[in-house]
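Have a look at the structure below, then the notes.
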Amino acid sequence: MNMSGKKTNTSGSDGFQRLNFLYQASIVALNAVPHYPQITSVFGKNMISIGKKLQLKLDHSVKRTICKGCKVLLIPGKSVEVKIKPIPASRKRKSRRGNQRKIQEWKCMLCSCVKQFVLNPGYSLWAEQNMDST
Ligand SMILES: [Zn+2]
């Protein structure tokens, strides 16, 4: 309810609050018990199922920190191994100039699921661009 006594009709606000709570709870749980990251997979699985049921989209910055395999929260050094590698020859586009682009590889320590992000020097997520302009 807002100040005038009418109900606000923000679609999915309750769902977003639940997702936010689960994400923060998984961060707290991982910091409290860093040697047992499996407990965060329960929160991750709940986040994915709530997002699917209510048709809510997770923010990219949140989505990048959840393992696709076991849904564990990915924190570098605690539950994920981060390496920087050159782009494999099979994925390179043919260009005349020497392309020295690299990828950042996140390998989950529990299920060995791999996420790869291409490193572009001038690239930032859309959400981060909006934060810079305000
Ligand atoms: Zn995993």
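The values are calculated or read from the model by the stated rules, or taken from the named source; none is laboratory data. Fair warning: this is a prediction, and the values are worked out from it, not measured in the lab. Heads up, the Cβs are rebuilt from the backbone with ideal geometry, glycines too, and the neighbour counts pull from every protein chain shown.
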### Message
Suppose we filter G77, G12 for residues that are surrounded by fewer than 13 Cβ atoms within 10 Å (Cβ to Cβ), out of contact with any Lys or Arg (no Cβ under 8 Å at 6 or more places or on another chain) and modelled with pLDDT under 95; which single one remains?
### Response
G77
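Looking at I66, is it surrounded by fewer than 18 Cβ atoms within 10 Å (Cβ to Cβ) and either within 21 Å of Q116 (Cα to Cα) or at pLDDT 90 or above (or both)? Lay out the reasoning, then the answer.
On the way: surrounded by fewer than 18 Cβ atoms within 10 Å (Cβ to Cβ): no; either within 21 Å of Q116 (Cα to Cα) or at pLDDT 90 or above (or both): yes.
Against the criterion (surrounded by fewer than 18 Cβ atoms within 10 Å (Cβ to Cβ) and either within 21 Å of Q116 (Cα to Cα) or at pLDDT 90 or above (or both)), I66 does not qualify.
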### Summary
Filter the range 80-116 for residues that are away from the ligand (no atom under 16 Å from the Cβ), among the hydrophobic types (A, V, I, L, M, F, W, C) and modelled with pLDDT of 90 or more; the one that is surrounded by the most Cβ atoms within 10 Å (Cβ to Cβ) is I103
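Only residues that are within 17 Å of F21 (Cα to Cα) and either crowded, with 17+ Cβ neighbours inside 10 Å or more than 16 Å from the ligand (Cβ to nearest atom) (or both): list them for the range 34-47, please. Break it down into steps so the answer makes sense when it comes.
First pass over the range 34-47, keeping only residues within 17 Å of F21 (Cα to Cα): 39-47.
T40, S41, F43, G44, N46, M47 - these are the residues of the range 34-47 that are within 17 Å of F21 (Cα to Cα) and either crowded, with 17+ Cβ neighbours inside 10 Å or more than 16 Å from the ligand (Cβ to nearest atom) (or both).
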